[in-house]
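Report on the following structure.
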Amino acid sequence: MKRNRILIIHGPNLNLLGIREKEVYGSMSIDELNNEIRRFAKEEGVDIDILQSNHEGELVDTIHGARGKFDAIVINPAAYTHTSIAIRDAIASVGIPTIEVHLSNIYSREPFRHHSYIAEVAVGQVSGFGTDSYLLGIKGSLNHLERHNR
Ligand code: CA2
């Protein structure tokens, strides 16, 4: 059976994980988080690529480049969640099932974080489980692919 390929995308400022705002985002660094994601992906038998960018255009280009290469995308769009129609349109245009993930519960924070431009083009959203949100997002995307590719 063909192995699923999932693209993991971290948005702006997530390169600072574990360095600042540990009370909100936890103490794991992005390298530790990526190792945890790789360990989980191996366990699940899925091939992954991971990218972090602080630039909206680069995130759009990365999503476009996923066409034909990845079966699903798991993205933490970070602050672009609340501002970026460009990332929303990129996800809608490639037609790759996309799961939105957040470390924090965006609905228990400031009102400006309560709206996501990404949610309406995503298969689903995982918010508030810390670094586990990524693992739950990967699991959710695999279950989605299994249900839809039978
Ligand atoms: O909870 C999440 O995962 C967020 O996507 C994180 C974004 C925030 O703008 C969203 O509303 C929710 C912020 C990422 C910033 O990451 C930092 C990590 C360490 C230190 C400073 C920022």
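Taking the listed residues L7, L59, L14, the one that is open to solvent by less than 60 Å² (accessible area, probe 1.4 Å), hydrophobic (A, V, I, L, M, F, W, C) and near the ligand (Cβ under 10 Å from one of its atoms) is L14, with no other qualifying. Do we find that G140 is assigned to a helix (DSSP H, G or I) and open to solvent by 10 Å² or more (accessible area, probe 1.4 Å) in this structure? For G140, the condition - assigned to a helix (DSSP H, G or I) and open to solvent by 10 Å² or more (accessible area, probe 1.4 Å) - is met. Taking the stretch 17-35 as the range and being hydroxyl-bearing (S, T, Y) and near the ligand (Cβ under 8 Å from one of its atoms) as the test, only Y25 passes. Considering only residues in the stretch 79-115 that are open to solvent by less than 20 Å² (accessible area, probe 1.4 Å) and near the ligand (Cβ under 8 Å from one of its atoms), the one that is nearest to D47 (Cα to Cα) turns out to be V101.
Screening A66, A72 for residues that are within 12 Å of the chain's Cα centre (by Cα), crowded, with 20+ Cβ neighbours inside 10 Å, at pLDDT 95 or above and more than 13 Å from the ligand (Cβ to nearest atom) leaves exactly one candidate, A72. Entry remark, the stretch 85-132: residues being under 21 Å from E56 (Cβ atoms), part of a helix (DSSP H, G or I) and not hydrophobic (A, V, I, L, M, F, W, C) number 5 in total.
The values are calculated or read from the model by the stated rules, or taken from the named source; none is laboratory data. Bear in mind that the values here come from a model prediction, so they are computed numbers and not experimental data. Heads up, the Cβs are rebuilt from the backbone with ideal geometry, glycines too, and the neighbour counts pull from every protein chain shown. Please note that ligands, DNA and RNA were not included when accessible areas were found on the heavy atoms of the full protein model with its side chains. Shrake-Rupley method; radii C 1.70, N 1.55, O 1.52, S 1.80 Å.
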